[in-house]
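Okay, so here's the structure we're looking at.
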Amino acid sequence: MNDRAQELVDSMGIKLLLAAILIWDFITCAFGFNVSADNMIRIGLKRRPLDLYSVKGARIYAKDHHKRGSNRNFDALKDEIVYLKNYMDVQYFAEIGIGSPPQKFAVVFDTGSSNLWIPSSKCIFSIACYLRSRYRSRLSTTYTKIGKSCKIPFGTRSVRGFFSQDNTKVGNAVIKQQVFTEVTREGFFTFLRARYDGVLGLGFQDVAAGRVTPVWYNMLLQRIVTKPIFSFWLNRDPKSSFGGEILFGGVDSTHFRGQHTYVPVAQNGYWEIEIGDLFIGNNSTGLCRGGCPAIVDTGTSFLAGPTTILTQINHAIGAEGIVSMECKTVFSNYGNLIWENLISGLQPGRICHRIRLCKHNVSFDENVHSYEKKMVVRNSKLEKLSNDESALCSFCEMTVFWMQVEVRKERTKEKAFEYVNQLCEKLPDPRGKSFINCDVFSLPHITITIGNKSFPLSPDQYVIRIENNHGAHCVSGFTALDVHPRRPLWVLGDVFLRAYHTVFDFGNLQVGFAESA
């Protein structure tokens, strides 16, 4: 099946689901079944504070797979994102029940995945399983055996188990015969300190392992809720024991101010939307002026984005970074040449290919000056420093982008070079988070453009404060995520969702944001 056909099948699946709901509406009205048009399920969220261990251990991963069409041109490749995380930084969870009588489990309600999974009583070789609630099928009178094995991606690894079927209680509602995964193998270090038992995915069926029907779909099909929307509100008061609320089938007007700004879902696998330019203070970063994909994810605490922009944010907010000698060496060897090419009007996307630091999938300009060729041949320092051509290419492209921003601002060459050199010392640490001064009053707002409207984050919203026995520590709420240089991906996690009440409109395939109350 080709890509277009698969897209049509996925789209048709959603339409058939909604059509089934409409038919059921007609039947219940015609025959007088007692179904309320305002059925809703409220789920109160619990919140745990982040600690340094969970912050340092949090990771977000995304792989970019390319599917070739009939055209062999690089631009014709279809990008398909596989989005993964390890849930170490999860803060919000709630309790559900599985089985009859219900066995209780604390789960993460996660729009970034689609499966329901919890530990199994048959998980006997993983110490982590013994530290949390485990499902015991023999204790449930409504259990139905499936037994098919499955693997759910989880960070760089996966959890393994098998499918089962049982009644699932969410709030006061019971979903009949929900398919879920009994996990029999969990990573030791990944789950040892987790505060939750499993995950309840609220994404789309086409990215569910085994393509099983997600919980949210069954809520609609079984008429547990009648409106195909759900909404998230996260409490911004850090002292409150009430973490927030999920409302299935409706929107609570007390949780937001003004009107929601709605944007279409760009890809059905995830709640993926398109965002526009990002501003640091009043200064445009420029990278996403033509649009960038962003996944709206309730299952991660941070706001993730491309290193190119996060380095600029680190610099602006005084966050700690790592000094990159590759970045500095590329800049010192090619800075003047990059500047000259930008000033001369050469297309920025061709500069790194022209100086032979980016060699893949590009027809090189045969008229490259011999001076440029000699620079590549003689650059022995660069060859000794790194054999990773893709890394050198990335640093070159970042340097070009940063200089391009300075050229647009009409900065002098001296000022531009000083700024780029500083950015090479502020790269986000891929192994951890960036610490910053807890005095946040002087820091700039970071603003994301969505649907041609500005959504600013104030310093107290994007700075995460961690209290422990040694006092307070503050870390940046931004973390790096690099998928593909030509498709910068963002993840709008809890840092953003605490500031903005969010509506996930399944019926119209759109997401709405309004200022949180």
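Any read-out appearing in this document is the output of simple, stated calculations on the displayed coordinates, not a laboratory observation. This structure is a prediction, so every number in the text was calculated from the model and none was measured. So basically every Cβ, Gly included, is an ideal-geometry build from the backbone, and we count neighbours across all protein chains shown.
Estimated at 0.36 nm per residue, the fully extended path between Asp460 and Lys239 surpasses their Cα-Cα distance by 78.1 nm.
Extension gain for Gln347-Leu52 works out to 101.8 nm (0.36 nm per residue, less the C-alpha to C-alpha distance). Each residue, Leu337 and Ser100, gets one label point 7 Å from its Cα in the Cβ direction; the gap between the two is 7.3 nm.
Each part gets one Cα centre, and for region 460-516 versus region 276-316 those centres are 10 Å apart.
With the simple model of a label 7 Å out from the Cα in the direction of the Cβ, Ala517 to Asn452 spans 2.8 nm. Near the amide H of Ser434, within less than 5 Å, lie the amide hydrogens of Ser476, all on another chain or at least 5 residues away, with H placed in the peptide plane. Phi-derived couplings, Karplus 6.51 cos²θ - 1.76 cosθ + 1.60 at θ = phi - 60°, listed residue by residue for region 511-516: 10, x, 10, 9, 4, 6 Hz, with x used for Gly and Pro. Backbone amide hydrogens, once placed in the peptide plane, bring Tyr500 within less than 5 Å of Ser516, excluding anything fewer than 5 places away on its chain. Once the Cβ-Cβ distance of Ile124 and Gln422 is raised to the sixth power relative to R0 = 45 Å, the FRET efficiency obtained is 0.25. For Ser158 and Asn172, the difference between the fully extended length at 0.36 nm per residue and the C-alpha to C-alpha distance is 1.9 nm. Annotation: amide H of Arg185 within the under-5 Å range of Arg160, sequence separation 5 or more or interchain, hydrogens built in the peptide plane.
Coupling constants for region 347-352 follow from the phi torsions by the Karplus curve (6.51 cos²θ - 1.76 cosθ + 1.60, θ = phi - 60°), and in residue order they are 4, x, x, 9, 5, 5 Hz; glycine and proline get x. For region 304-321, the Karplus equation 6.51 cos²θ - 1.76 cosθ + 1.60, evaluated at θ = phi - 60°, returns couplings of 9, x, x, 3, 3, 7, 5, 5, 5, 5, 3, 5, 6, 9, x, 6, 5, x Hz by residue, with Gly and Pro reported as x. Measuring against 30 Å, Cα to Cα, the residue pairs Lys46/Lys433; Lys413/Lys453; Lys122/Lys227; Lys227/Lys433; Lys415/Lys453; Lys169/Lys227 contain Lys413/Lys453; Lys122/Lys227; Lys227/Lys433; Lys415/Lys453 as the ones spanning a longer distance.
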